[in-house]
Amino acid sequence: MKRLDAKGRELDVTYFDGANAPCPCVADGIMIATVATPGQNSLRVIPSKSDVSNFGIVVIKNKKTGKSLRYVIPAAARSLLDKWNQDLGDRQRYDAVMNASSDSLFRVDKYKKTDESSSKI
């Protein structure tokens, strides 16, 4: 929200699950972080999978300004997420994610509308 200068309910979010992701559970964290939900029609989980180099991809757009960012969760993050899911309780898992370096969890790219047709989504 801060990077896109947006407030609650001003974001439109699309999540693309990675080819090797066991489920789109990343979308749960996205809902907490962005306040976007399927019920508000501001969060969509796309059933087609992104490529194997990614655990998932999130495209977040400020509805008012049109500015967008693309968050890429690398496939390498899966081992870290799997370990947290196996070893930690709910609150500990939340704390682990919130305290992890962003570099270990994702990278952020500027996003252009033409990227939507790209096979690299």
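The values are calculated or read from the model by the stated rules, or taken from the named source; none is laboratory data. Just so you know, these numbers come straight off a predicted model, no measurement behind them. Please note: Cβ atoms are built from the backbone with ideal geometry, for glycine as well, and neighbour counts cover all protein chains shown.
Being farther than 19 Å from ALA100 by Cβ, in a loop (DSSP other than H, G, I, E, B), out of contact with any Gly (no Cβ under 8 Å at 6 or more places or on another chain) and at pLDDT 90 or above: is that true of THR14 here?
Answer is no for this residue.
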Conditions: (1) touching a helix residue (DSSP H, G or I) at 6+ places or on another chain (Cβ under 9 Å); (2) modelled with pLDDT of 90 or more; (3) surrounded by 11 or more Cβ atoms within 10 Å (Cβ to Cβ); (4) outside any strand (DSSP E or B). VAL45 meets all but one. Number of the miss?
(4)
For TYR94, the lone unmet condition from (1) among the aromatic types (Phe, Trp, Tyr); (2) out of contact with any helix residue (DSSP H, G or I) (no Cβ under 7 Å at 6 or more places or on another chain); (3) touching a residue at least 24 places away in the same chain (Cβ under 8 Å) is (3)
Kindly check whether there is at least one residue in the stretch 74-86 that is within 14 Å of the chain's Cα centre (by Cα), part of a strand (DSSP E or B) and within 24 Å of LYS2 (Cα to Cα).
yes
What number of residues within the stretch 94-117 satisfy the criterion of being over 19 Å from ARG3 (Cβ atoms) and either touching a Pro at 6+ places or on another chain (Cβ under 9 Å) or at pLDDT 90 or above (or both)?
3
Every residue in the stretch 5-24 that is closer than 16 Å to LYS67 by Cβ and free of Cβ contacts under 8 Å to residues at least 12 places away in the same chain, please.
LYS7
Restricted to the stretch 21-65 and to residues being under 14 Å from ALA6 (Cβ atoms) and among the small types (Gly, Ala, Ser), the residue farthest from the chain's Cα centre (by Cα) is SER42
Somewhere in the stretch 54-74, is a residue of a type outside the set (D, E, K, R), at pLDDT below 90 and surrounded by fewer than 16 Cβ atoms within 10 Å (Cβ to Cβ)?
no
